[in-house]
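Contents: one structure, followed by commentary.
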Amino acid sequence: MKRPDPAVPVDRTLRSRPSERPDPFVAARAAYWKRAPRPSPGRYAAAPNLFAELVGAEYRPDQAPAARPGAATSADLVLAGLRRRVRAGDPPTPEICVRLLADGDHTRGAVFDAWPEAVRRHGRERAAAAVRRGLHGTRTPHLVATLLDLAAAESLAPVARPELLRLAHAPERAVRHAAWRLLAAYDGSFLPLRAAATPGARPVDAYERLLHEALRNPAFPGAPQGTELRPGILVAQSMLMGHLDRPGEGLSGGLGVLLGALGDALAQTDRVAGVLTVVTACVPELEADPVLLHRRDRGHWVLRLPVDSARHVRPDELGRHREALAWWATRLLGSLGRPVDVLHVRYADDGSLALAEAARRSGAALVFTAAPDPHRQMTERHGTPGTDADALRDDLHRVFVADRLVDRADRVVGIAGPGGGADELLRHFPQLAGRTEGAPDAPPEGIPPYRPPLGAVRRIDSLVEAVEAVEARLHATAGPVRPPTPTVLLTVGRLHPVKQQDVLVRAWVESGAFRESVLVCVGGSPSGDDPAERAMRTRMEQAVAACPQAAQRLVLLPALANADVRTLERRLADPSNGFRTRYVCPSAKEEFGLAVLEAMEAGLLVAAPVRGGVPHYLTDGHNGLLIDTSSARTLGEGLVRLLRVADGAAASMARRAQDLVRSTYSSNAMAQALAGHYTAVAPSTRRGRKAAASSRKGPVRRAARAGRQNAVLPDPDGSGPSVLRGPSRPSRPRTTSSSG
């Protein structure tokens, strides 16, 4: 057992965790999947209580409705019933699906998830007729586009070609784009539109030019010049939130760093032929660069999905682009010269569901990284009167999306929890207990080895000089008695409410920690165009406005390249450079905390949230500090505790943390673990197993492996093409069972 350093103050309040208390939301979900008795509402039954009503409607259909009016609307209850039916594999009729499309974004998302099974169960003709009646009964452009998307999702023909061509010339972008995608399902459909002179049929920007090209050319974007892939499976991984190589700006954070390094490492494993990291590109980004497939490293490419948006879409906006994303992903993943074997999605959002649908259509296996977020905080956030109704609805939608991804996935993996396994995941996803492959694995996440970036010395010098200038200014105004050198408190992350930089600054001021430290916050776009970032900076500046001393000790730096961040951390961690530096992560929670791992690897003493996945690798008082970040008061107490750790004890803990990260948490180890999962669920592996079981002959197994064809993708060294052609793989049937 790891023991805390006796020289480190112990925070005994951390022994009591909110997750140890009875949780009615967890109990309701467990009872729904028959893993536990029906829950008692307990103290969360105060009325009117929207949380209790919606949880009861969604998970406890046998519960009698309240005799008095409740807080839930009729639309809330209809949506709860729809989700319950979808979870049970009993979708509504096509007519009901069409009628529910007008009930809001969350209901529309549930309808799209129910639609494939509804069409299969009730027939294509009935489904097409339902869409046709819906189109004839509305003139609302948004609803018309949604109905066309619903038809395109299952390649239905709800209207005659002349009527569809009329819609393809509509002035509303959403309508004509949906009509164009549906035309792709009509035989030879797009040729008449190509010759049309109507302005609405002419591409007006990069997105529409790419859409036209994709419709005209089935091989778009085609197989670029390059070199054949190695034997093995072709893997795609999704990165739909933020930018891959701009951590700390907007929504770009540790996931981009993780997937960039992971893709590079996966491409070098024996069982993987190549890796595609799937990202999104909005209209301005497409105008600047219309190329959709870029080489990142040998065997690793970035595939960009066009999104019809004037800016990078946020997770809560992806539902409006769901069918378009599924269409683009299916089209592009099928144009690479050979099929993608495995698609790995992360995050419970509509973008991941769109890619899951693309996997179903293209025949790729689906792997989902599940996390108990927002599950673990549902009762705490919403279980008492006065909850934010819209926030509750959003969280229930995310829980539903996660359930659908679990149901669709061929394999579910988790993020290791405090016990090193997936026990917490099973608690919040009780349906996983019935899957045939057993409890989900939790492959260790990790960071790539540190490599000094080229030309970093001058860049890092300028950043260090900014910190040194603050210290020099403090010494100059201190009078004849030279004060002790202040501790540098460093934090790195995108400026976002969940990262809580504003709470950190407020805690730093209110606790008095500013009197003996300099706070350095790294993150945010240099342009300041993002509204969320501007709001966060404003709150941080307001927190020090009434305290000039603190304002002098606050250093705000824009986001840096990941390699520069790690170089800066090394410089500040080296005591020979004259700094006494500690790292603090103020996030409300971290599912894993890659930035925390990087600070530990650099040799810094780290204080990080007790909530989330950090306690899996950080033991309080042994290799860092766990702090309560739930309020400014508790975070301030954690900062004071961090500053009170003696230098000798800090060095010992930092050394233990550094040894752990370097020996255990590497992107190479993560790649090896995931490659095993990918190989196990790849369609070629399943076909090979089936053939081996039926014939028990070695040549059959070799033939199954040989059946996977190589592709032509960009070569890192720019060498010429090597074309190998093979038959395309038909889509394999997928059921809605939760079994693996």
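Laboratory data are not the source of any read-out in this text; all were calculated from the coordinates shown. None of these values were measured; they are calculated from a predicted model. Neighbour counts run over all protein chains shown; Cβ positions are idealised from the backbone, glycine included.
Worth a mention:
- Additional length obtainable on full extension of the chain from A673 to R515, 0.36 nm per residue less Cα span: 52.2 nm
- Applying 1/(1 + (r/R0)^6) with R0 = 45 Å to the Cβ-Cβ distance of L454 and R139 gives a FRET efficiency near 0.15.
- Label-point separation in nm, D461 to R99, each point 7 Å along Cα→Cβ: 7.3
- In plain terms, the C-alpha convex hull of the stretch 260-344 casts an average shadow of 6.0 nm² when viewed from every direction.
- Fully extending the segment from A563 to R298 would add 93.4 nm, taking 0.36 nm per residue of separation and subtracting the current Cα-Cα distance.
- Note that the stretch 100-115 has calculated 3J(HN,Hα) couplings of 7, 4, 8, 8, x, 4, 5, 5, 4, x, 5, 5, 4, 6, 7, 4 Hz, one per residue in order, obtained from phi through the Karplus relation 6.51 cos²θ - 1.76 cosθ + 1.60 (θ = phi - 60°); glycine and proline are x.
- 3J(HN,Hα) along the stretch 456-464, derived from phi through the Karplus expression 6.51 cos²θ - 1.76 cosθ + 1.60 where θ = phi - 60°, amounts to 7, 4, 5, 5, 5, 4, 5, 5, 4 Hz, with x in place of Gly and Pro.
- Counting only DSSP beta bridges with both residues in the stretch 454-665, the antiparallel share comes to about 0 percent.
- All-pairs Cα distance distribution in the stretch 454-665, expressed in whole percent, bin size 5 Å: 1, 7, 16, 20, 22, 18, 10, 4, 1, 0
- Between V272 and I233, the built amide H atoms are under 5 Å apart, and every one of these is 5 or more places off in sequence or on another chain.
- Residues within the reach of a label modelled at N217 (point 7 angstrom out along Cα to beta-carbon, backbone nitrogen below 18 Å), restricted to the stretch 328-368, are 328-338.
- Three-way shape label, the stretch 504-595, alpha-carbon gyration tensor, a/c 1.5: oblate
- Modelled spin labels at A391 and A651, positioned 7 Å past Cα toward Cβ, are 4.5 nm from each other.
- D270 versus R121: modelled label distance in nm, points set 7 Å from Cα along the beta carbon direction: 4.6
- Packing-based exposure ordering (other Cβ within 10 Å, fewest first) of C521, C282: C282, C521
- Fully extended contour minus Cα-Cα distance, from A588 to A551, at 0.36 nm per residue: 10.9 nm
- log10 of Debye I(q)/I(0), alpha-carbon scatterers only, for the stretch 606-672 at 0.18, 0.24, 0.28 Å⁻¹: -0.71, -1.03, -1.20
- Long-range amide H partners of D441 with built H, under 5 Å: G414
- Placed amide H near L495: partners under 5 Å, 5+ positions off or other chain: G250, G524
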